[in-house]
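K.L.:
Okay, here's the structure, questions in a sec.
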Amino acid sequence: MKTGYYTHRACAAHEMGSWHPESPQRLAAINDHLIGIGLAPHLVSLQPPPASWEAIRRAHSEAYLQQLQAKIPKRGYVPLDPDTAINSNSWEAALHAAGAVIDATDRVIAGELDNAFCAVRPPGHHARPGAAMGFCLLNNVAIGALHALQQHGLQRVAIIDFDVHHGNGTEEMFAGDERVLMASFFQHPFYPYSGTDNPAKNMVNVPLPAGTRGDVVREVVERIWLPRLQAFEPEMIFISAGFDAHREDDLGQMGLVEADYAFITDQLVKLAQRYARGRIVSTLEGGYNLEALARSAAAHVRALAQL
């Protein structure tokens, strides 16, 4: 498998304070681990261009984008919500994070890559059409999916979200859109306290209690996700890859381990090979215990590359 690996130095320049768990060290942990275990040479390393205004405008309102850009400080931090802040580098970081998913989408559809993983930040799945939220500025996975639909003319794309937190921003953007099937599990009740109130028919939401372990999640994938995905027959799969459902991650209370992420990814690779010409683009969401994040992301990438 020809698996692209995207990251960019701009994504490490965004930070919200030394205390904040969504830190630049997350990317360093993943990069260093991929090198340390000898996986990096098997990947196609790429640096993304920034996303265009046209591309991010598909997912976000003009007013929000202008306000966000205008709030970027020359120094220090500007809070956007109790959990989210920006510094002087945040706009550039967000554009490169979204740009990675767009460029990966282009290359995967063109056949230059079989699939790709975007090790970028800030994350995206809480970002709403008109607001930042939960560490997220631009909704990277939504921007990529809309690029595939509107720029490349795909008819059906699936979005998979296995972060411990519900991807409320992504759901808000695609609820009722018959071109998209979104499948997720998430800890509930838990931030952002959404995803359970009358979800649209194209939302396969599986709330799970704190303490849920990998055997239950694997059953969710096999018995709930896969039948819906197989019936949908997606032409491409996008993944919001959050690793904060790991048992060592303090920002969640679930019990997954690296082998569970490998299992989920392997099932999605098989699904993509059957229906979507193998086309998958995955982008980093959560994961805040640096060691667990690095191991889990490596397991995910290894499964994407089928190594």
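K.L.:
Please go through (1) in a loop (DSSP other than H, G, I, E, B); (2) in contact with a Gly (Cβ under 9 Å, 6 or more places away or on another chain); (3) over 24 Å from Gln150 (Cα atoms) for Gly17 and return the number of the only condition it doesn't satisfy.
P.N.:
Against the list (1) in a loop (DSSP other than H, G, I, E, B); (2) in contact with a Gly (Cβ under 9 Å, 6 or more places away or on another chain); (3) over 24 Å from Gln150 (Cα atoms), Gly17 comes up short only on (2).
K.L.:
Kindly evaluate Ala70 against the criterion of being under 15 Å from Ala132 (Cβ atoms), in contact with a Gly (Cβ under 9 Å, 6 or more places away or on another chain) and aliphatic (A, V, I, L, M).
P.N.:
no
K.L.:
Please work out which one of (1) of a type outside the set (Lys, Arg); (2) assigned to a loop (DSSP other than H, G, I, E, B); (3) closer than 27 Å to Glu248 by Cβ is the condition Phe117 fails and give its number.
P.N.:
(2)
K.L.:
Continuing with this model, one more query. Would you mind finding the one in Ala200, Ala259 that is surrounded by fewer than 19 Cβ atoms within 10 Å (Cβ to Cβ), farther than 29 Å from Asp81 by Cβ and of a type in the set (A, V, I, L, M, F, W, C)?
P.N.:
Only one candidate passes the filter, namely Ala259.
K.L.:
Separate question: Could you count how many residues in the stretch 120-141 are assigned to a helix (DSSP H, G or I) and over 14 Å from the mean Cα position of the chain (by Cα)?
P.N.:
Residues in the stretch 120-141 being assigned to a helix (DSSP H, G or I) and over 14 Å from the mean Cα position of the chain (by Cα): 0 in total.
K.L.:
Only residues in the stretch 154-180 that are within 20 Å of Gly130 (Cα to Cα) and free of Cβ contacts under 8 Å to residues at least 60 places away in the same chain count as the first member; pair them with residues that are among the hydroxyl-bearing types (Ser, Thr, Tyr) and surrounded by 24 or more Cβ atoms within 10 Å (Cβ to Cβ), Cβ under 6 angstrom, at least 6 apart or cross-chain, and list the lot.
P.N.:
From residues that are within 20 Å of Gly130 (Cα to Cα) and free of Cβ contacts under 8 Å to residues at least 60 places away in the same chain, there are no pairs.
K.L.:
Look through the stretch 58-79, keep the residues that are in contact (Cβ under 8 Å) with a residue 40 or more places away in the chain and not in a loop (DSSP other than H, G, I, E, B), and return whichever of them is nearest to Ser90 (Cα to Cα).
P.N.:
Among residues in the stretch 58-79 that are in contact (Cβ under 8 Å) with a residue 40 or more places away in the chain and not in a loop (DSSP other than H, G, I, E, B), the one nearest to Ser90 (Cα to Cα) is Leu68.
K.L.:
Okay, next question. Return the residues of the stretch 227-247 that are farther than 18 Å from Leu208 by Cβ and charged (D, E, K, R); say none if nothing qualifies.
P.N.:
Glu233, Glu235
K.L.:
Here are the criteria: (1) farther than 22 Å from Ala303 by Cα; (2) in contact with a Gly (Cβ under 7 Å, 6 or more places away or on another chain). Tell me which single one Cys11 does not satisfy.
P.N.:
Of everything listed in (1) farther than 22 Å from Ala303 by Cα; (2) in contact with a Gly (Cβ under 7 Å, 6 or more places away or on another chain), Cys11 misses just condition (2).
K.L.:
A further question follows. Taking the options Tyr261, Tyr275, name whichever one is over 28 Å from Leu27 (Cβ atoms) and of a type in the set (Phe, Trp, Tyr).
P.N.:
Tyr275
Values quoted throughout were computed directly from the atomic coordinates according to the rules given, and no laboratory measurement underlies them. Just so it is clear, the model here is predicted, and its values are computed rather than measured. No Cβ is skipped: glycine too gets one built from the backbone with ideal geometry, and neighbour counts run over all protein chains shown.
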